[in-house]
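The values are calculated or read from the model by the stated rules, or taken from the named source; none is laboratory data. Worth saying up front: this structure is predicted, and the values here are computed from it rather than measured. Neighbour counts run over all protein chains shown; Cβ positions are idealised from the backbone, glycine included. Note: areas computed on protein heavy atoms with side chains; ligands, DNA, RNA excluded. Shrake-Rupley method; radii C 1.70, N 1.55, O 1.52, S 1.80 Å.
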Amino acid sequence: MPARLPSWAWVSGLTVGAIAAVSVLTVQADQGPHPTAAATKPRPSASADAKPTPKETAPAPVPDGSGTGRRIVYSLDQQRVWLVDASDATRRTFEVWPGTVDPDPGTYTVGSRSKGATTGSDGVRIEQIVYFALEDGVSVAFSNAVDGSSPPPPVSGAKTGGIRLTKEDGAAVWAFATSGTKVTVVG
């Protein structure tokens with residue numbers, strides 16, 4: 001009957017054998033052929049030649065007759081606002097939700113601002129309020145809901161002058177519309 005090896009000797013033998021096999025394979029890999037980029041270059045597919053489709057369309061142009069220089073432009077018809085810098089370049093444009101009272105077309109200036117939260121005439125908690133007009137005894141201002149929601153439908157017969165923005169757009173208007181900033185309202 002053959003002698004039985006202790007288990008530690010058997011495991012040691014396997015370990016030595018594995019190390020030897022890995023060493024041989026490493027030497028062969030170092031001496032063997034190496035593929036070049038040309039040899040492994042993938043062939044173009046039909047999808048690689050396809051042009052990506054734009055996810056967004058070009059921003060709406062600033063309305064004609066909205067003035068020149070640094071200003072906020074508010075279009076009643078388009079329900080859109082543009083933040084325009086001193087070189088007449090649009091820095092940001094976005095859609096808004098108007099209140100029930102619109103300011104008359106014309107040029108206004110930002111009169112006052114209120115960063116803190118308050119309750120708007122529509123009953124929603126609002127912040128970053130930028131006042132620029134008074135129409136029919138109603139203050140007209142840009143603002144955003146504290147919770148980022150869109151405004152609820154106005155109560156029948158209620159006069160609301162808030163022009164509601166998204167939270168991100170509200171932050172942009174707040175940063176742009178310092179006191180005295182020109183606001184141009186167009187039809």
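Take Thr93 and decide whether it is open to solvent by 40 Å² or more (accessible area, probe 1.4 Å), of a type in the set (Ser, Thr, Tyr) and within 24 Å of Pro61 (Cα to Cα). First the steps, then the outcome.
On the way: open to solvent by 40 Å² or more (accessible area, probe 1.4 Å): no; of a type in the set (Ser, Thr, Tyr): yes; within 24 Å of Pro61 (Cα to Cα): yes.
No.
When region 103-119 is filtered for residues that are surrounded by fewer than 18 Cβ atoms within 10 Å (Cβ to Cβ) and not hydroxyl-bearing (Ser, Thr, Tyr), the ones remaining, listed by number, are Asp104, Pro105, Gly106, Gly111, Lys115, Gly116, Ala117.
Please go through region 115-128 and pick out each residue that is touching a residue at least 24 places away in the same chain (Cβ under 8 Å) and within 26 Å of the chain's Cα centre (by Cα). Can you show your working first?
The initial filter retains those residues of region 115-128 that are touching a residue at least 24 places away in the same chain (Cβ under 8 Å), namely 115, 117, 120-124, 126-128.
Correct list: Lys115, Ala117, Gly120, Val124, Ile126, Glu127, Gln128.
Residues of region 61-114 that are without any contact (Cβ under 8 Å) to a residue 24 or more places away in the chain, over 23 Å from Ile126 (Cβ atoms) and part of a strand (DSSP E or B): Val84 alone. For region 150-178, a tally of residues being open to solvent by 30 Å² or more (accessible area, probe 1.4 Å), over 16 Å from Pro98 (Cβ atoms) and under 26 Å from the mean Cα position of the chain (by Cα) returns 6.
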